[in-house]
Amino acid sequence: MSERKLKAQCIEKNISFEELSQVLGMSKSTFYRKLSNDTFTVKDIRKMSEYLNWTGDTMLYVFFPKEAV
């Protein structure tokens, strides 16, 4: 996962990490811990993708950057 790419996508859509953590139903600290440890679940990724209105390509670009190349 690329934290930088996730942050860029959120900035583009004017969505903060705090807002995204609320969408995922977790505290901001849990969100940041998952972000730094790259431990988002498939369910978390699916919720973020839906909320950010991503295509499959964008999700791959952010969460699986090496595989998406």
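Counting only protein heavy atoms, what percent of the accessible surface of the chain is carbon or sulfur at a 1.4 Å probe?
It is 49 percent, rounded to a whole number.
Which ³J(HN,Hα) values in Hz, rounded to whole numbers, follow from the phi angles of the range 47-55 under the Karplus curve 6.51 cos²θ - 1.76 cosθ + 1.60, where θ = phi - 60° and Gly and Pro get x?
Going residue by residue, I get 5, 4, 4, 5, 5, 7, 6, 8, 7 Hz, with x marking Gly and Pro.
With every protein chain kept in the model, how would you rank Thr30, Thr55 by accessible area, 1.4 Å probe, largest at the top?
Greatest to least solvent exposure: Thr55, Thr30.
For Val62, tell me the accessible area in Å² from a 1.4 Å probe, rounded to the nearest 10.
0
Rounded, prolate or oblate for the range 27-69? Axes are the square roots of the Cα gyration tensor eigenvalues, ordered a ≥ b ≥ c, and the cut-off for rounded is a/c under 1.5.
It comes out oblate by the Cα gyration axes.
Along the charge dipole of the chain, which of Gln9, Ile45, Tyr32 sits closest to the positive end, that is, farthest toward it, with unit charges on the beta carbon of Lys, Arg, Asp and Glu (+1, +1, -1, -1)?
Working it through, the farthest residue towards the positive pole turns out to be Tyr32.
Please state the charge dipole magnitude for the chain, taken about the Cα centre, from unit charges on C-beta atoms (+1 on K and R, -1 on D and E), reported in debye and rounded to the nearest 20.
Its charge dipole is roughly 160 debye.
When we measure straight from the Cα of Lys7, which lysines land under 18 angstrom away, once same-chain ones fewer than 8 places off are left out?
Result set, ordered by chain and number: Lys28, Lys34, Lys47, Lys66.
Give the accessible surface of the chain per residue, rounded to a whole number of Å², with probe radius 1.4 Å and ligands, DNA and RNA excluded.
Heavy-atom SASA per residue in the chain reads 66 Å².
The values are calculated or read from the model by the stated rules, or taken from the named source; none is laboratory data. No experiment lies behind these values; they were computed from the predicted model shown. Reconstructed Cβ throughout: ideal geometry from the backbone, glycine too, with neighbour counts over all protein chains shown. Protein only, heavy atoms only, side chains kept; ligands, DNA and RNA dropped before computing areas. Shrake-Rupley method; radii C 1.70, N 1.55, O 1.52, S 1.80 Å.
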